[in-house]
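I have placed the structure first, in the form of structure tokens, so that the comments after it can refer back to it.
Bear in mind these aren't lab numbers, they're just calculated from the coordinates by the rules spelled out. Keep in mind that this is a model prediction, so the values were computed, not measured. Cβ placement follows ideal geometry from the backbone for every residue including glycine, while neighbour counts extend to all protein chains displayed.
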Amino acid sequence: MNSAQIEIQLIASLVAIACAIPGTFLVLRKMAMISDAISHSILPGIVIGFFITQDLNSPLLILLAALTGVITVVLVERIQKTGLVKEDTAIGLVFPALFSIGVIMIAKNANDIHLDVDAVLLGELAFAPFDRLIISGIDVGPKSLWIIGSILMATIGLLIAFFKELKISTFDVGLAASLGFSPALIHYGLMTVASVTTVGAFDAVGAILVVALMIAPAASAYLLTTDLKKMLGLAIVFGVFSAISGYWLAHWLDASIAGSITTILGLLFLVIYLFAPSKGLIAVMYREKQQRTEVSLLTFLLHLKNHSEERERHVNHLQEHINWQKVRAKTVLDLALKNNMIVIDKKIVSLTEKGDEFTSLAIDYIITNEDAQIEDMKDDFFLFRG
Amino acid sequence: MDKKLAVQIDDLTVAYNYKPVLWDIDLEIPEGVLMAIVGPNGAGKSTLIKATLGILKPIAGSVSIYGKPYNKQRSLVAYVPQKGSVDWDFPTTALDVVLMGTYGSLGWIKRPGLKEKKAALEALEKVGMLPFKDRQISQLSGGQQQRIFLARALVQDASIYFMDEPFQGVDATTEIAIINILKELRKAGKTVIVVHHDLQTVPEYFDWVTFLNVKKIATGPVKDIFNDDNLTKTYGINYKVSIQE
Amino acid sequence: MDIQEYFSLVFSDYTLRTITLGTAILGAVTGMLGSFAVLRKQSLLGDAISHAALPGIAIAFLITGAKDSNTLLIGALVSGLIGTFWIRGIVNKTHLKSDTALGLILSLFFGFGMLLLTFIQKQPNANQAGLDKYLFGQAATLVESDVWLMAIVTGICLFVLLLFWKEFKILLFDKDYAKTLGFNTKSIDILITSFIVLAIVLGLQTVGVVLMSAMLLAPAAAARQWTNSLSKMVFLAAIFGAFSGVFGTAISASQNNLSTGPVIVIVASVFVIFSFIFSPNRGLLFRQIRFIANRRDLELQKTLAFMYRIAETHENISHPHAIKILNNFQGFTRKTLQKLVDKNYVTLDGTMWSLTEKGFETASNLYNQQAINDE
């Protein structure tokens, strides 16, 4: 590994962390698509900034472009407020328009401006180490490293300072307002951080990868934990992991680094989406099947408790009257027998004492809306699960 | 009772995300009643209607309409959904919405013609909305929107009407207008089933009532069963289910 | 070339005619289908689908090695559909919200597509596949066969739209109700979604994945402001879309260095802004004017009501009173008084005013109405 390679990986990792932090909150606040809008609409800001500063890495350009990001958010909200179009249509209208303005501005000034739309959208991390920051003659490292490093420091500082406020306003806007935190301030603060991060990172990884780095690690973490701090931590780990392994994938395939990082992010999300222990697809489908059987079992027990007449309690009634498929009826019956909930005597089903107790408790919980208790109760009563 | 059964529900159980909402409901609704379904919030009143109409899939149980499964008897049934369930800013007129009531009998592809339009206009007339037939639906008041929904069901010319909270958020005039139409329907031998919130108007409006709170508490003529006992059983705080032996 | 030249050339010049026709047809079909996307609150789905189509294009190229745009479009269609159904899978089976699902699919598919594109470019036989044009679109690469394809798809789309118009409409407005009527809502839903995906894929070559969603939304959002009828909205959206295509092509052809996609989007956005402000029923301008007019009416009514209360106390309703007493309450100005005179509600005599029969009646009606509203 040469120093350029290390620097690229370092930049990519810092970008990943800087994106994961605001990204976690965007995902939790159901605003993931706003990051997509920002990532596109900063383009005119970058172009104007470039006219003024003539330097893609100037802090002024970053601020100007970030401002366009915040303007996008405001514009979207304004349009939503008119009620002329539905919620997300506003987002879909604003960012392509701003992006197009940016593209046209670049095209019209192609001679003065050495900016490539592809580069803005896709970035070229491989070139990042060549643009060095030189302070009084001493090479202190690549410029992008310094930029994204400072943005990350600022983000972490803000996160630590306002963690409590962010947490409360994310989960309970009403409470946050009543405690005196202005939800609007936090909202626009977050939008500003997201914009600044997007602008700071586009040069290295491109605008679209910024979106991927914001959403995918956070969404993956969301499927694994319900704790905000753990979610932040996991999102950062996933981001850095993808950044580094993505780099090596690109190295091996000789392809775009940004594309490779995104692909790793995609694979990571796919694996977690499928296999996450409780929120993953397989777990959900398994649980749904189990719960279907268990709810069927409860239904069946309740039915027995409701009806003393033998006709209603005949084994065949399950199929005829309750309208279950044959297979499911058998599964349910077996499960009930295994758990000693019922006895079958001459094809007439009756509740055992345990079954009776279980059913009465279940009814209580359902009526009082304490469904969570049923799950606990199942652990107490069931020897075998569905 | 020697009357025919309009609706028969057997052992109906429904769960949302495997959270049980309706449990083992047995319900028989005789033909020609004007019935209220009452119960606290979250008791599963709307769910009962939706499961009966096949909008939600129950995990157990069966529904029959005049002795046959529901999907063979669709033409006998009309539905008035909750007003809040649709986007009222949708670009369409009052008449257009009412015409949708004819879509079921038309089947796929065929368009409503003069006959359907005439029926729709008559229904609009019945609910007193004829002057507003060309209004965009967002420019109608809440009561007027509800009347449009009612007209749409009337156009279906069904035998059984299911209505989900038709009195919610309507003005007094509309409420009277609607209840008069419902009573007319009953007089014509139709069966009307209404999810209802306002307990005070039950004896005045309805002749049949079902108390529901996840389980069926009671069902029968208002004069026989609309009493404190059943009300406490349905709405009471420390309520325990009584098992009917 | 300036715009005038463009319009004189458009009928004679083959390339220009092809491009113009292509963008016009594309605008029409996306406008039409976009109306459905907007009304279903799936505005951003288009954005996700267009990005999701990118890896499909690259894979189709890797497999067939063909530059033939039809083959590539099939790849785009397949991966667009996979993206769409994966979004549904994420929303239905996990607790992730729909916007997260959209953002995920959008960025991940796009990134994967970029990986493949850069990979392809480094291949020796890449013959400069020209796949980049799918990023931002290049209307200039449209050839007659592309336009034919667009026209055929648009024709099919129009046919299906007319055939299932009633079903589409009821599904959009009230899905549950459609179910109770016995319609298979799932298949109608799949039909609409598939056509939306098809339209998006069709536009990729011209407008590109990044801006495609605007083609879907902008004409529909503009059209919605002008009409309250679904059929007119779909029709208008098609017109707006087609005009955006034509004007966009004209402007970009008459300038150097302007790619067509962004210009079309800007033209479509201008349609949107114009519609938002100037549409007579919903537009912001007329809404503001109506608001001011209402307030003025209210002031007028207040004055009239006040006069009515004074006049009521006299046997003769037209008994004159001093103008001075009117100044005692808000809402009265010389102007409102003059208005009342103009409407023949009030007559003036020097510093005295008196209510006319007509004014008295109107005022008493106002009172009754208010009493009814208060009930």
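For this structure, a couple of remarks:
- Qualifying trypsin sites (Lys or Arg not before Pro) for segment B:1-55 [loop in DSSP, other Cβ within 10 Å: at most 14]: B:LYS3, B:LYS4
- With contacts taken as Cα pairs under 8 Å at a separation of at least 6 residues, segment A:3-215 carries a relative contact order of 36 percent.
- Hz values of 3J(HN,Hα) by residue in segment C:282-293 - Karplus curve (6.51, -1.76, 1.60), Gly and Pro given as x: 9, x, 5, 4, 5, 4, 5, 4, 4, 4, 5, 4
- Ordering C:PHE164, C:PHE61, A:PHE275 from the fewest to the most neighbouring beta carbons within 10 Å gives A:PHE275, C:PHE164, C:PHE61.
- Across q = 0.08, 0.10 Å⁻¹, the protein assembly as shown modelled as identical point scatterers on its alpha-carbon atoms has Debye log10 I(q)/I(0) values of -0.97, -1.28, in the order of the q list.
- Treating r as the C-beta distance of A:ASP254 and C:ALA140 and R0 as 22 Å, the FRET efficiency rounds to 0.15.
- C:GLU357 versus A:ASN57: modelled label distance in nm, points set 7 Å from Cα along the beta carbon direction: 9.0 nm
- Whether segment A:162-310 is rounded, prolate or oblate, judged on the alpha carbon gyration tensor where a/c under 1.5 counts as rounded: oblate
- Distance (nanometres) between label positions extended 7 Å along Cα→Cβ at A:ARG78 and C:ASN184: 4.8 nm
- Potential lengthening between C:ALA151 and C:LYS343 on full extension [0.36 nm per residue; Cα-Cα distance subtracted]: 63.3 nm
- Computed over segment A:1-108, the alpha-carbon pair-distance distribution with 5 angstrom bins reads 2, 12, 16, 18, 18, 15, 10, 5, 2, 1, 0, 0, each value a whole percent.
- Cα gyration tensor shape for segment B:71-148, rounded if a/c is under 1.5, else prolate or oblate: prolate
- Relative contact order, percent, chain C [alpha-carbon distance under 8 Å, six or more residues apart]: 22 percent
- Based on the reciprocal of the average 1/r between different C-alpha atoms, the Kirkwood radius for segment A:3-215 equals 17.7 Å.
- Rounded to 10°, Cα long-axis angle of helix A:281-306 versus longest principal axis of chain A: 30 degrees
- Folded to 0 to 90 degrees: helix C:45-64 orientation relative to chain C principal axis, Cα: 10 degrees
- Peptide B:146-156 - average C-beta neighbours from other chains (10 Å radius): 1
- Extending 7 Å from Cα along the Cβ direction at A:PHE241 and again at A:GLU357 yields two label points whose distance is 4.5 nm.
- Rounded to the nearest 10 degrees, the inclination of helix A:257-275 to the longest alpha-carbon principal axis of chain A is 10 degrees.
- Kirkwood-Stokes translational diffusion coefficient of segment B:157-206, alpha-carbon pairs, 10 °C, 1.306 mPa s, µm²/s: 140 µm²/s
- In plain terms, the residue of C:CYS157, A:CYS19 with the fewest other Cβ atoms within 10 Å comes first and the most crowded comes last, giving C:CYS157, A:CYS19.
- Going by neighbour counts of Cβ atoms within 10 Å, the residues A:MET285, C:MET307 line up, fewest first, as A:MET285, C:MET307.
- Computed P(r) (all Cα pairs; chain C; 20 Å bins; percent): 24, 38, 19, 16, 2, 0
- Using 0.36 nm per residue and subtracting the Cα-Cα separation, the extra length available between A:GLU309 and A:ILE348 on full extension is 13.0 nm.
- 18 Å cut-off, amide nitrogen to a point 7 angstrom out along C:ASN92 Cα→Cβ, residues in segment B:40-80: B:55-59
- Rounded, prolate or oblate (a/c below 1.5 giving rounded, otherwise prolate when a/b exceeds b/c) for segment C:155-295 by Cα gyration tensor: oblate
- Which listed pairs, of A:LYS289/C:LYS186; A:LYS289/B:LYS215; C:LYS166/C:LYS186; B:LYS133/C:LYS41; B:LYS126/B:LYS187, have C-alpha distances above 18 Å, in listed order: A:LYS289/C:LYS186; A:LYS289/B:LYS215; B:LYS133/C:LYS41
- Whole-number Å³ per residue for the convex hull built on Cα positions in segment B:5-235: 125 Å³
- Largest first and in whole Å, the equivalent-ellipsoid semi-axes of chain A read 56, 23, 19, each the square root of five times a Cα gyration tensor eigenvalue.
- Over chain B, relative contact order from alpha-carbon pairs under 8 Å, at least 6 apart, %: 26 percent
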